[in-house]
Structure formats: structure tokens, C-alpha cells
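*Asks:* Encoded as C-alpha cells, here's the structure I'll be asking about.
The values are calculated or read from the model by the stated rules, or taken from the named source; none is laboratory data. Here the structure is a predicted model, which is why all the values come from computation and not from measurement. For neighbour counting, all protein chains shown are included, and Cβ atoms are generated from backbone atoms with ideal geometry for every residue, glycine included. Surface areas here come from the heavy atoms of the whole protein model, side chains and all, with no ligands, DNA or RNA. Shrake-Rupley method; radii C 1.70, N 1.55, O 1.52, S 1.80 Å.
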Amino acid sequence: MTKNRYGLGRDIPADVARAVRQRDGFGCVVCGNAIIDYEHFAPEFKDAKEHNTDGIVLLCVMCHGLKTRGRLSSQSISDAMKSPKALQRGFSFGPFDVGSKHPELILGNVVARNVPVLLQIFGENVFCIREPEAKGGPFRISAFVSDRNGAPMMHIVDNEWRTRTSNWDVRVEGKRITINSNVRDIDLVLRSNPPHQLVFERFNMRHRGIAISSNAGQPTVFEMLDGRTLSTDGMDLDGCKIGVMLDKTGLSIGVGGGAVSIKSMSVGFSQPSGSVPRSNRPSSTASILPFKPRK
Ligand SMILES: [Zn+2]
């Protein structure tokens, strides 16, 4: 590890780095880009005796380079620190590199190939992939990802991802984006394997009342409004128009043809908070039919 003349190492303590991210809205203060470096600004790293949030600023690779080359002044950076770009816009952003081959989307244990709409809830496309705008151009991924309480957490619009500044913490490290709602609880881990694969490794989201979750090594679970749950250890979808469709009648898998292969699936009943106790519900074994194949 390189140390400066005061013996200060490059590694910024995790809590200091997080406080800087939260203050600057998880993006470069100048332009809002989420692919950032932590820049010792006042004083510069060579003169710094400690890692102090006040002296560190988020700068993207581009703006950092402009500063190093003298094309971005210290004055402009201190001005930007007073009103970071991401906070002004409500999100920080970054690109996904998507190629001209239909990308594969993996949502927990659900693998979708050649599926234009991976998840549709009450008619809204939550994860979808559109054809390239021009021949040879990239396929276009869009998604609306909410947190466990249903608040917007991240949007993907034609391969540009935008993480909301209202999140508690957003870390972009290597190919992963991690969003937490507090120190312990991870709401999203998203890994990109450019140019053909996007993996939602972990998530706890709620969209229009329907909860969907998958945590390391655990099944992917869909929980309907009435507490019915469906969990799977693995599902492969290929060539379906819609991979998973949820509406008021329940859940359909593999809509519009294509191939569906299911490793295991179980249906159950969870107890939504504030609901009628389970013992008071009518017996519903026969009526639990959240899963129906549909053509
Ligand atoms: Zn920037």
C-alpha cells in the first residue's frame, strides 16, 4: 500500500467513504456519473494527515482526468461540492455495455434468454429488452427496480442505469452495483457481464404491492398481494414473449410460446403484516393456483 509522507494509506475507512457517498448523492459532484473515485481535495492526498469526509469529494473518472490535466479548476469543484449534480437531478448514472446479441437477464434463480419482457406486473414491464434501434446497434434494456418498501431504487433506461439519491447507500465496485437500505440490509446486488449478460444476484423489491426477493443461495420468491407465495430454485425461460407475468389472477410463466424448464417450485402462503391470522382464513389448498402455464 502506498502511503504519503504522513504515513496515511490510500484506503479510506468504510464509514468515511459511505458518508462521502451519501453527501454527494453517490455520483461525481460535477457531472453526476456514478463511476467514481474518492478524491482528496482539501488538502490533497500528499498533504493529508487523515481521511476526513470534509476533505474528500467524489469525482468520476472523466472529471478526475480533467482536473489532473488542469482543465477543471479547483474553484469549479468546490462550487460543485455545494450542490452536487446527482442531488440536483435525483440520481447518479452509469452505462451498461450491451451488444447486438439479445442479452441474457438473470433474476435470482430465473434465467431468461431471448425473452423481451422478463417481468410484467399488472401490465407494466418491470424488466424488458427492446430490439436495437438500428441494425448492428445494441439491444436496449429497461427496468424499474423498487426497494423492499416499494420506493424507486433504480431505473434502467435504454442501457443507462440511474440509482436514486434517496437510497441509503449505493456502491459501484468493479462490475457490481450494491444498494443498501441500512448497514445490514442489502436491497440489490446487480452484476453486469458485458456485453450479453445482466445478473440480479440479490434483491428485495416490491412493485405495486408484489414482493420479489432472492438472497444468496436462497430461492427466488414471489409474494402476491393476498400472501400466496411461489418460490423456485431454478427456472429457465427461452424465447417466451413474457417470462413472468403477475396480475390479479395470479402468476403466469412463459407467456407467448418458447421453452420453460423449472428445476423446482413450491407454492405456499406467507402471512403479510397486518393481515388476517392464517388460522382464520378459509382453507385454500385447492384454490392456491398462482402458477399456470399460458400460451
Ligand atoms: Zn464527472
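*Asks:* What is the spin-label model distance, in nm, from THR68 to PHE269 if the labels are put 7 Å beyond Cα along the C-beta direction?
*Replies:* So the two model labels end up 6.2 nm from each other.
*Asks:* Rank ARG191, ARG228 by accessible area, highest first, at a 1.4 Å probe radius? Walk me through the numbers on the way to the answer.
*Replies:* Details: ARG191 60, ARG228 30 Å².
From most accessible down to least: ARG191, ARG228.
*Asks:* Could you check the spin-label model distance between ARG184 and THR2? Points 7 Å from the Cα along Cα→Cβ, value in nm.
*Replies:* Result for the modelled spin labels: 4.0 nm.
*Asks:* Less than 12 Å Cβ to Cβ from LYS46, Lys/Arg counted +1 and Asp/Glu -1: what total charge do the surrounding residues give?
*Replies:* Values: positive: LYS3, ARG5, ARG10, LYS49; negative: GLU44, ASP47.
Neighbour charge sum, excluding LYS46 itself: +2.
*Asks:* I'd like the accessible area for TYR6, computed on protein heavy atoms only with a 1.4 Å probe and all protein chains in place. Round to 10 Å², please.
*Replies:* The accessible area comes out at roughly 100 Å².
*Asks:* Let me ask something additional. Test of understanding: what is the full-extension gain from ASN114 to LYS49, defined as 0.36 nm times their sequence separation minus their Cα-Cα distance? Spell out each step's value before the answer.
*Replies:* Working: separation 65, 0.36 × 65 = 23.40 nm, distance 5.38 nm.
That works out to 18.0 nm of additional length.
*Asks:* Further question on the same structure: Once you put a point 7 Å from the Cα of ALA134 and another 7 Å from the Cα of ARG208, both along the Cβ direction, what distance in nm separates them?
*Replies:* About 3.5 nm separates the two model spin labels.
*Asks:* Taking the Cα centroid of segment 44-69 and of segment 145-194, what is the distance between the two, rounded to the nearest whole Å?
*Replies:* Measuring centre to centre over Cα atoms gives 24 Å.
*Asks:* Report the FRET efficiency, 1/(1 + (r/R0)^6), for ALA151 and SER100, where r is their Cβ-Cβ distance and R0 is 30 Å, rounded to 0.05. Show your work: numbers first, answer last.
*Replies:* Numbers: r = 35 Å, r/R0 = 1.15.
After rounding, the FRET efficiency stands at 0.30.
*Asks:* Which aspartates and glutamates, if any, have their Cα less than 16 Å from the Cα of LYS49, not counting same-chain residues under 8 positions apart?
*Replies:* Cross-link targets: ASP11, GLU39.
*Asks:* Using only the Cα atoms, what convex hull volume per residue in Å³ does segment 14-90 have? Mind dumping the intermediate values first?
*Replies:* Working: hull volume 6.2 nm³, N = 77.
In segment 14-90, the Cα hull volume divided by residue count equals 80 Å³.
*Asks:* How big is the accessible area of SER76 in square angstrom, nearest 10, if you roll a 1.4 angstrom probe over the protein chains?
*Replies:* My reading of the accessible area for SER76 is about 50 Å².
*Asks:* Quick one: ranking ARG23, ARG140, ARG10 by accessible area, 1.4 Å probe, largest first, what do you get?
*Replies:* Working: ARG23 85, ARG140 40, ARG10 135 Å².
I get ARG10, ARG23, ARG140, largest accessible area first.
*Asks:* Give me the net charge of VAL111's neighbourhood, meaning all other residues with Cβ under 15 Å from the Cβ of VAL111; Lys, Arg count +1, Asp, Glu -1. If you can, show how the numbers build up before the last one.
*Replies:* Values: positive: ARG113, ARG191, LYS263; negative: GLU104, GLU201, ASP233, ASP236, ASP238.
Neighbour charge sum, excluding VAL111 itself: -2.
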